[in-house]
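Structure first, commentary second.
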Ligand SMILES: *Cc1c(COP(=O)(O)O)cnc(C)c1O
């Protein structure tokens, strides 16, 4: 049985032409700044996002956390949504390595408002931890691949500027937002001081992220990356995969979005399963299993028996992620898998949320 792996867009395999690009990549010692392929990747993304400089990182976690460390001092605070990756899924790095706390906000679909941010920024007084950074995630992972509207980001930028605060974008999947909205990457990047982009999610590279910002900021971030153990040598072999991904795998993200939409609508039509279709905006969505009469883990295991893999994501929820190794035919088979599993549901009267 072929397995349809909808657990994450991180499971993507480097394609043959991507491996070819890796094998012929020109390399040098990147600690000396002498890897031409790493330099090309950094310049390519800096250019596309309208920033002065970029820095190749081993992971999205490293990229976000080097940014946080560079932006902040011990005892300070980062404002972000309660569901953000930088707070939940990065192993507690910000408090452990940077000595900063989070001031967490709630909001629809992973978003926060300028008004909330304004109310949350600490008064300048030694009684309080001092606000050092505002961090936003786009697209939002835990909210289900949702897009943070640019309009509100621009308003938050206004508040940040009034208080002299920098803004960081966890843009692990920014290119999904770019493809879904048609808004240029540089427009998305404009309100932010720093942006982290993942190459190893839907873009399909095996490893790597890039942090973008001003020349001065990136010069400082080079020190922090070294402290975090992230200075690499002939990393051009990896950067070549990232360049290949950016040149070949951006526009095709639209296919993943179309596949997610079709699967979400079919799953939502099954009695016992609910999908908030308003939240299905890119390549991720959540399935609410509460009306199936089974726990999310029971549903997950039954789907796995049908060869359809996904992750439980909080109580009564499964997360579905489409990506470049999932075809339209796979989506049809996944729908059949869901329909088969639904025959074993013990529907309750309870309404889904
Ligand atoms: C995947 C991801 C990251 C980076 O995580 P790594 O595990 O370090 O690759 C950061 N932010 C978001 C929103 C992500 O989905």
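The values are calculated or read from the model by the stated rules, or taken from the named source; none is laboratory data. Since the structure is predicted, the reported quantities are computational estimates derived from the model, not experimental observations. FYI the Cβ positions are ideal-geometry reconstructions off the backbone, even for glycines, and counts take in every protein chain you see.
Overview of values
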| read-out | value |
| --- | --- |
| Count - residues of the range 25-39 that are surrounded by fewer than 17 Cβ atoms within 10 Å (Cβ to Cβ) and touching a residue at least 12 places away in the same chain (Cβ under 8 Å) | 4 |
| Residue count, the range 73-109 (criterion: away from the ligand (no atom under 15 Å from the Cβ) and closer than 21 Å to residue 153 by Cα) | 8 |
| Residue within the range 296-309 that is in a loop (DSSP other than H, G, I, E, B) and either under 24 Å from the mean Cα position of the chain (by Cα) or closer than 17 Å to residue 10 by Cβ (or both) present | no |
| Residue within the range 12-23 that is surrounded by 20 or more Cβ atoms within 10 Å (Cβ to Cβ), within 16 Å of the ligand (Cβ to nearest atom) and either more than 27 Å from residue 160 (Cα to Cα) or more than 21 Å from the chain's Cα centre (by Cα) (or both) present | yes |
| Among residues of the range 207-229, those that are touching a strand residue (DSSP E or B) at 6+ places or on another chain (Cβ under 8 Å) and surrounded by 20 or more Cβ atoms within 10 Å (Cβ to Cβ), counted | 10 |
| Every pair of residues 6+ apart whose Cβ atoms lie under 7 Å, when the first sits in the range 147-165 and is in contact (Cβ under 8 Å) with a residue 60 or more places away in the chain while the second is surrounded by fewer than 17 Cβ atoms within 10 Å (Cβ to Cβ) | 147/181 |
| Residue 158 vs. criteria in the same structural domain as residue 105 (by TED's automatic domain parsing) and away from the ligand (no atom under 11 Å from the Cβ) | yes |
| Qualifying residue in the range 134-142 (condition: within 16 Å of the ligand (Cβ to nearest atom), more than 24 Å from residue 225 (Cβ to Cβ), in contact with a strand residue (DSSP E or B) (Cβ under 8 Å, 6 or more places away or on another chain) and not in a helix (DSSP H, G or I)) | yes |
| Filter pass, residue 52 being farther than 15 Å from residue 205 by Cβ and out of contact with any helix residue (DSSP H, G or I) (no Cβ under 8 Å at 6 or more places or on another chain) | no |
| Residue satisfying all of: in the range 318-336; touching a strand residue (DSSP E or B) at 6+ places or on another chain (Cβ under 8 Å) and surrounded by fewer than 19 Cβ atoms within 10 Å (Cβ to Cβ); farthest from residue 201 (Cα to Cα) among these | 333 |
| Test: residue in the range 259-273 that is free of Cβ contacts under 8 Å to residues at least 12 places away in the same chain and out of contact with any helix residue (DSSP H, G or I) (no Cβ under 8 Å at 6 or more places or on another chain) | yes |
| Condition met for residue 68 (within 16 Å of the ligand (Cβ to nearest atom), in a helix (DSSP H, G or I) and in contact with a strand residue (DSSP E or B) (Cβ under 7 Å, 6 or more places away or on another chain)) | yes |
| Listing of strands (runs of 3 or more DSSP E) fully contained in the range 144-250 that carry 3 or more residues being at pLDDT below 95, in contact with a helix residue (DSSP H, G or I) (Cβ under 9 Å, 6 or more places away or on another chain) and under 24 Å from residue 9 (Cα atoms) | none |
| Scan of the range 310-324 for residues that are part of a loop (DSSP other than H, G, I, E, B), in contact with a helix residue (DSSP H, G or I) (Cβ under 6 Å, 6 or more places away or on another chain) and farther than 20 Å from residue 262 by Cα, ordered by number | 316 |
| Test: residue 95 is surrounded by fewer than 18 Cβ atoms within 10 Å (Cβ to Cβ), modelled with pLDDT of 95 or more and closer than 27 Å to residue 112 by Cα | yes |
